[in-house]
Amino acid sequence: MTTPLRHRARHSERLTALIVTAAVLFCPPLLLVIDRLPSATGIWLLLYLFIAWAVVIGLAAWLQESRRASGKGRR
């Protein structure tokens, strides 16, 4: 059984992990590497950006919904 304080701390840790993950996914050196991948159409960077952004948005929504579902998001 988790206490409310522990649940809040875990939620904060997950949000911090999400922010760090987003910062790593969109850091310029990684984007440069992906932009220089060999391709006839040059679509890798665009595809990467859309997928990475969808993952970040999906994880953020999942975190907020899990908090709301547990009843901790109510004021």
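Read-outs throughout are calculated quantities, based only on the coordinates presented, and are distinct from any laboratory measurement. In this text, all values refer to a predicted model and were calculated from it rather than measured experimentally. All Cβ positions, even for glycine, are placed from backbone atoms using ideal geometry, and neighbour counts span all protein chains on display.
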| Top of L59, L47, L25 by mean-square fluctuation, Gaussian network on the chain, Cα under 10 Å | L47
| request: Kindly provide the helix-only [θ] at 222 nm of the chain, computed as the sum of -39,500 (n - 2.57) over DSSP H runs of four or more divided by all residues, to the nearest 500 deg cm²/dmol? | output: -25500 deg cm²/dmol
| query | Nearest 20 debye, what's the magnitude of the dipole of the chain about its Cα centre given +1 on Lys and Arg Cβ and -1 on Asp and Glu Cβ? | reply | 640 debye
| field | Inter-label distance for S39 and A17, nm, one decimal - labels placed 7 Å from Cα along Cα-to-Cβ | value | 2.9 nm
| remark: Largest-first semi-axes in Å of the equivalent ellipsoid built from the Cα gyration tensor of the chain are 35, 12, 7
| remark: So R8 and A60, fully extended at 0.36 nm per residue minus their Cα-Cα distance, gain in nm 17.2 nm
| said: Out of the trypsin sites (Lys or Arg not before Pro) in the stretch 1-59, which ones are loop residues according to DSSP with at most 11 other C-beta atoms within 10 Å? | reply: R36
| Neighbourhood net charge (14 Å Cβ-Cβ; Lys/Arg +1, Asp/Glu -1) for P29 | 0
